[in-house]
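First the structure, in the form of structure tokens, and then the observations on it.
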């Protein structure tokens, strides 16, 4: 055998061996394309984003219950005592606002799948407010003169110069499930919210119609206010687009509702300008309750880690 023949024989054996090795690889050693991670979407990542949102808040109809008590004095002598109370409904127009938003969270693909799961925490400063001018709160009651057992009935109104309700800020924690594509994923989720709400009754005056005469019982206008945090729930649907594996745009639509929130109010009053030179001393007590439904379209720029 010549040297050239030997060289070609060895080369042929090496080539045959390489082909045999390739053919001997397990059938599942090469993942199908559908099992590859999407080229622009990491398999798992924490993320943090900043942006803004357009929000529409529906305050609906709030229930109000107001109670007024009064004692009438001539000098230092108590001449009569009375009270009035009643329920009322106040309808508030919807309000819209632009808000600053921040979010953070985590997502991860299921093994060998384009499906993923995750959760995001979001915060928005809404500052949405709805106001009703000169709201009337109907009341009915009676007064009894000192030394008498006969109650004299009357009707009246508590007039609120400005009845205002606001949803100030909202926090949400939304677990979600989604499906990834080459450079994006879509998702939907449901989770709890925590919202700060506030109600202000400015310029409240209690009036009574006694013997056909309208009487200012409480005197100077009183301002009442109550705020607090209330739980609720939200549902979100959204989509992302990855510029690269570190930066992505997130756009989402969220509808949320608070639980029914009851605000309580209480204030004393002194009216030195009662009829016939009398002084009226009493209290204004009440509560209001209602829910707030918000809808938000949010866009954020996010960094994946």
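None of the figures in this text is laboratory data; all of them are computed from the coordinates on show. Since we're looking at a predicted model, the values are computed, not measured. Note that each Cβ is placed from the backbone with ideal geometry, even for glycine, and that neighbours are counted across all protein chains shown.
Of note:
- The chain shape via C-alpha gyration tensor axes, a/c threshold 1.5: prolate
- Structural descriptor for region 44-111: relative contact order 51 percent, calculated from alpha carbon pairs under 8 angstrom and at least 6 residues apart.
- With contacts taken as Cα pairs under 8 Å and at least 6 residues apart, the chain reaches a relative contact order of 21 percent.
- Legend: calculated FRET efficiency, residue 142 to residue 227, from the Cβ-Cβ distance at R0 = 25 Å, rounded to 0.05, equals 0.15.
- Neighbour counts of other Cβ atoms within 10 Å put 114, 244 in the fewest-to-most order 244, 114.
- Counting every other Cβ atom within 10 Å of each residue's Cβ, 164, 245 order from fewest to most as 245, 164.
- Rg over Rh for region 53-207 works out to 1.30, using Cα positions for both radii and the Kirkwood form for Rh.
- Rounded tilt (10° steps) of 3-23 against the dominant C-alpha axis of the chain: 30
- Contact order for region 117-177, expressed relative to its length and based on alpha carbon pairs under 8 Å spaced 6+ residues apart, stands at 54 percent.
- FRET efficiency, residue 119 to residue 220 (Cβ-Cβ, R0 45 Å, nearest 0.05): 0.30
- Residue 155/residue 48 FRET efficiency (R0 51 Å; Cβ-Cβ; nearest 0.05): 0.30
- Of 165, 149, 240, the residue with the greatest mean-square motion in the GNM of the chain, using alpha carbon springs below 10 Å, is 149.
- 248, 100 arranged by Cβ crowding within 10 Å, fewest neighbours leading: 100, 248
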